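The block underneath contains the structure these notes are about, expressed in structure tokens.
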Amino acid sequence: MLDKKNILIGVTGGIAAYKVVEVASRLKKSGANVRVMMTLAATEFISPRTFEEITGNAAFVEMFGDAAHFHVAHVALADFADMILIAPATANFLAKAAHGIADDLLTTTILASDKPLLIAPSMNTKMFLNPATQENLKILKSRGVKVLEPASGELACGTVGKGRLPEPAEICAAVEKFFAAGNLSGKKILVTAGGTVEAIDPVRYIGNRSSGRMGYEIAKAAANAGAEVILISGKSELEPPNDLKIFVKVESALEMRAAVLKEFDSVDAVIMSAAVADYRVKNPAAQKIKKSSDTLTLELVKNPDILKELGGLKKNQVLVGFAAETQNVLDYASKKLVEKNLDFIVANDVTAAGAGFGTSTNIASIIRRGGQVENFPKMSKTELAEKIVERVAKLLDADKKFSPANVNQ
Ligand code: C5P
């Protein structure tokens, strides 16, 4: 998984710095090229020499001291990295990173980098829970920085509480997970979520049971993988993830269509998880309908199929659809895949226990063009979202390698 990946580890001045030696060693053994940069305070806990022996590369501390190895060290280190891991991350580091302070090699490198950042805070519980630290973490998360929650337990300062650096195996698993999710930095992904509502009159509507959870999780997973995410949402009670580029709330299928078409040309992929109403009321009443007669007939007209329209317009975009079915799941889903010109479709039986609308889990299959089927066991919508995003990333990566524009590079 980590073969030839370039990982830059930043070590700041916490007692847990010693644990990061094992992190560096494990990452190296998994095939990664590992470089280490340290703050001066970190060198009080562990010697750069230890990291040099483990990684086989020079460890960098001084802003101006290591010119023999790199021309402009902070830029070169930032360029080298496929991802940057900061472990342990002190409260002081979090404050500097959140506010763009660059007063040593490590913080300057962070500022000079647009690479994905994973940080593992570790400190005394009160420092961690201090509103200043929490606020700084919030700022960093809102910019798409991945934060590995500290573990609870006995701390070096003699207290017990939250603030321990997770074990090396756990940190390495988070690094692997990051690469498994694929790197979508520089990619623009459009996600639709929730259900559309179709007005009957000013107070009533026709809706469906979609909670929006699957789509919101996909938006989050794509943002975590570094993409610029546009989330277009129908009805949903959920809070939108805070690291989106654009968030648009719509009501009807026609509004969703207009919002999607506005962005379609500029995006690399569309994941259409919204439950779009197939029909709308032909003539919604301008005033509230009174209950005067025993029966009421509503005339419905077909809504445009947004995804099918995208399938016709598509140039290089990766297109992903959903098929929520109650019977013949794979059969119906395969037909939609072809009809709508999709790259893959996520099919699920919404009547199965632990799947479908409103639940936090799902049981899904992914069907590709060519008919390959992947059947997933029951898993959280968060995990399924990561799997979907991972596959989109792979398709986009394959596109890039084979696109004519790259032949001469
Ligand atoms: O045909 P069906 O509605 O089952 O297809 C589901 C897929 O098509 C979903 O990805 C859904 O978001 C999309 N869809 C759409 N416009 C519609 C109906 C469904 O884009 N009017």
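Observations on the structure shown:
- Output for segment 294-316, where each listed residue is closer than 12 Å to N341 by Cβ and either of a type in the set (G, A, S) or in a loop (DSSP other than H, G, I, E, B) (or both): D305, G311, G312, K314, K315
- Residue match in segment 163-184 (condition: under 15 Å from the mean Cα position of the chain (by Cα), within 16 Å of the ligand (Cβ to nearest atom), surrounded by 18 or more Cβ atoms within 10 Å (Cβ to Cβ) and not small (G, A, S)): no
- Residue count, segment 360-373 (criterion: surrounded by 13 or more Cβ atoms within 10 Å (Cβ to Cβ) and either touching a Lys or Arg at 6+ places or on another chain (Cβ under 8 Å) or not assigned by TED's automatic domain parsing to the domain that holds G194 (or both)): 4
- Checking each residue in segment 84-130 for being surrounded by 22 or more Cβ atoms within 10 Å (Cβ to Cβ) and either part of a loop (DSSP other than H, G, I, E, B) or of a type in the set (F, W, Y) (or both) picks out T90, F93, P116, S122, M123.
- Candidates L330, L296, L313 - the one that is farther than 22 Å from G194 by Cα, away from the ligand (no atom under 13 Å from the Cβ) and surrounded by fewer than 16 Cβ atoms within 10 Å (Cβ to Cβ): L296
- Selection within segment 316-327 - under 23 Å from K394 (Cα atoms) and more than 8 Å from the ligand (Cβ to nearest atom): N316, Q317, V318, L319
- Note on segment 266-293: residues that are within 16 Å of the ligand (Cβ to nearest atom) and either part of a strand (DSSP E or B) or among the small types (G, A, S) (or both) amount to 11.
- Top-ranked residue in segment 1-24 [being surrounded by fewer than 20 Cβ atoms within 10 Å (Cβ to Cβ) and in contact (Cβ under 8 Å) with a residue 60 or more places away in the chain; ranked as nearest to K115 (Cα to Cα)]: N6
- For segment 226-265, the set of residues classified as more than 22 Å from the chain's Cα centre (by Cα), away from the ligand (no atom under 12 Å from the Cβ) and either assigned to a strand (DSSP E or B) or touching a residue at least 60 places away in the same chain (Cβ under 8 Å) (or both) is empty.
- Restricting the first member to segment 57-76 and to residues that are over 15 Å from A112 (Cβ atoms) and at pLDDT 80 or above, and the second to residues that are in a loop (DSSP other than H, G, I, E, B) and of a type in the set (D, E, K, R), the beta-carbon pairs closer than 8 Å and six or more apart or on different chains are A58/D66.
The values are calculated or read from the model by the stated rules, or taken from the named source; none is laboratory data. It should be emphasised that the depicted structure is a prediction, and the values quoted were computed from it without experimental measurement. Virtual Cβ from ideal backbone geometry, glycine too; neighbours counted across all protein chains shown.
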